[in-house]
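Before any comments, here is the structure.
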Amino acid sequence: MGDIYLSNNDRIDSLTLKVDPIKIIELKEESELKDIVQKEELDDANEKFMENIKKALSNNRNDEYWKVKTGIIGYKFHMEENSDSTQIKLIFNDTKTDSLSSERQHAFREQKNNIETLLSFSTLEDEEQWEFLHQTNKYHYTLNGGTIANGEDVYIIDFTPKFRGTYEGRIYIAMNTFALLRADYHYAPGKTGRNIKLFGIRFSENEFRTSIYFEKKDDAYALKYYSKKEGTYLSIDRTISLLKKKKRVLIDQKLEQIKMGVNYGVSTKSSIEILVLKEEKISQKQFSDFKEKDNIETIYVNQFDEKLWKGYSIIEPTKQMKDYKKMNMNTY
């Protein structure tokens, strides 16, 4: 919960958006890898691996070089005489920080980025996610009657995709102004967003559902409510090789080879809601004079508790939020 300051600009970005957070509560799954594998085991394995890398990359002659290769992609590099394994460790070891300030700054930036993304979506300018508005030839539209919304007469229009369309849903259009008052839509059956498969890397957007509502303010329409659910899947299945080669006239000779296999997959789901409680105009001076805080404390909880928001006006929590609780991880 917080106040958002917007400059009078057609685009919504970090230069036109400032955030004054009042309270941030995050439902967080704080289980770490050490809950599954003992830290000592990780340290021993990492030390042995780094020792092998350090040994392999040392004692190179002037006519020898190393090459990193994955599939058909390769990159040649040379080792300096005074090189050590410190820089390599930065690649394979997690960066740790004891700075609470850094954690708070990260949480604040994350929330600000979410708000920026949500407000940018509400401008209707994203031609991919608002495809049924920008590329109407990809859709069938059906007038499904009318109703009254916030004192205005509106058309109810349903839409479904043709062969190349992506979404299906319903929109509410003001009869007098032809403004979009509300939209509820999602991926049509069998449809997805981006689906990329390249060099053992796969990324797909497999879930999308949104609802957005605007209210008339004087002679314009302003965002009142917005919810969005998204799901993605990312997998990596690659073999990475370190090749030590010796320069020759025709084909360089392979002297050593170290192979590392990467097999990783993760699914993510996000659910975001925003509710505008009130809106008022400010001057450009007010916008310029307001200075954002460097950070704000984030309250991490393992289970939703309505007492955390006592005294605040908030969106009614979903059943999923109310039922959420941190999982207990067991090892076998």
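Remark: for residue pairs Lys269/Lys293; Lys112/Lys281; Lys228/Lys285; Lys197/Lys319; Lys112/Lys322, the C-alpha separation exceeds 26 Å in Lys269/Lys293; Lys228/Lys285; Lys197/Lys319.
The loop-placed trypsin sites (Lys or Arg not before Pro) in segment 167-229, going by DSSP, that have at most 12 neighbouring Cβ atoms within 10 Å of their Cβ come out as Arg194. Taken over segment 101-175, the percentage of Cα pairs per 10 Å bin, counting from 0 up to the bin with the maximum distance, is 17, 30, 29, 14, 8, 1.
Mind giving me the FRET efficiency for Ser241 and Ser267? R0 is 35 Å, r the Cβ-Cβ distance, nearest 0.05 is fine.
Details: r = 29 Å, r/R0 = 0.82.
Efficiency, rounded to the nearest 0.05: 0.75.
Across the cross-link table entries Lys138/Lys229; Lys69/Lys229; Lys191/Lys278, which are compared at the Cα atoms, the separations over 32 Å belong to Lys69/Lys229; Lys191/Lys278.
Laboratory data are not the source of any read-out in this text; all were calculated from the coordinates shown. Please read these numbers as outputs of a predicted model, since none were measured by experiment. All Cβ positions, even for glycine, are placed from backbone atoms using ideal geometry, and neighbour counts span all protein chains on display.
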